[in-house]
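Scroll down for the structure; my scribbles are underneath it.
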Amino acid sequence: MKVLKLIAIIAIFTSLVSCGKSTSKQAANKEGFDAIEKELKNEFGNKAYYTDLTITYNKSIGNIIGVTVTSAPESLKMGQWNQTQGKWKQNSEISLEVPQGSKAADFMFQLNNNINLSKLGELVEKSSTQLTAEKGIDNPVLNMAYIKFPKNGNTTKTEYVVMLNPENGGTTFTFRYKLNGDFIEMDY
């Protein structure tokens, strides 16, 4: 009887663990990117500062998240991190230089109401729909999505960039959007 209970507990635990979606398996849409943002905030904190944030999709392993991040911009030290298959790994530490009289935080962004992955996920969906309508490409797949933050720190010039490919590979279609989600251009 004890063995049956133990087997039942193990089966329930295994099904609960396997039902959870890791960030590597999140869909390239608003909900999936929102889950990735929650993971970033869980890992680096709600007040983390970023200079780079990229989500790359690989058919074999799923989403790969790459960030350059710090919790203390005034330290002028940032870590470059990647998450692959649910595991975070720091690749390097970066030292920043900022112009005399400037604050390092002025050259970084935070995930908040103005800049967020939920909006980026929406734009992936919008780009996919546009690509299907304009080019007749069914089931486009995310290649890469990222936040392009200007090196001069001018937040108003921040862009969301979405790169899609046909399901079986081929031409990469790049969509650029303003911070508010307005379409800038599609290039391929």
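FYI, it's all coordinate maths here, none of it is from the lab. What you see is a predicted model, and the numbers here were worked out from it, not measured in a lab. Neighbour counts run over all protein chains shown; Cβ positions are idealised from the backbone, glycine included.
Quick notes on this one:
- Cα shape, the chain, gyration tensor, a/c 1.5 rule: oblate
- Over the chain, dividing the summed -39,500 (n - 2.57) contributions of all DSSP H runs of at least 4 residues by the number of residues returns a 222 nm mean residue ellipticity of -9500 deg cm²/dmol.
- Sorted peptide list for 66-73, 117-124, 33-40, criterion being average Cβ within 10 angstrom, highest first: 117-124, 33-40, 66-73
- Members of K151/K178; K41/K151; K30/K126; K25/K178 lying beyond 21 Å, as alpha-carbon distances in this model show: K41/K151; K25/K178
- Report note on the peptides 166-173, 41-48: ranked by the mean count of other C-beta atoms within 10 Å, highest first, their order is 41-48, 166-173.
- Residues of type aspartates and glutamates that K77 reaches as a straight line, Cα spacing below 15 Å, ignoring anything fewer than 8 places off in the same chain: D52, E93, E97, D106
- Span-like helix ranges in the chain, DSSP H, alpha carbon extent 24 angstrom or more, Kyte mean at least 1.0: 2-19
- The chain: most fluctuating residue of V162, V98, V141 per GNM, C-alpha cutoff 10 Å: V98
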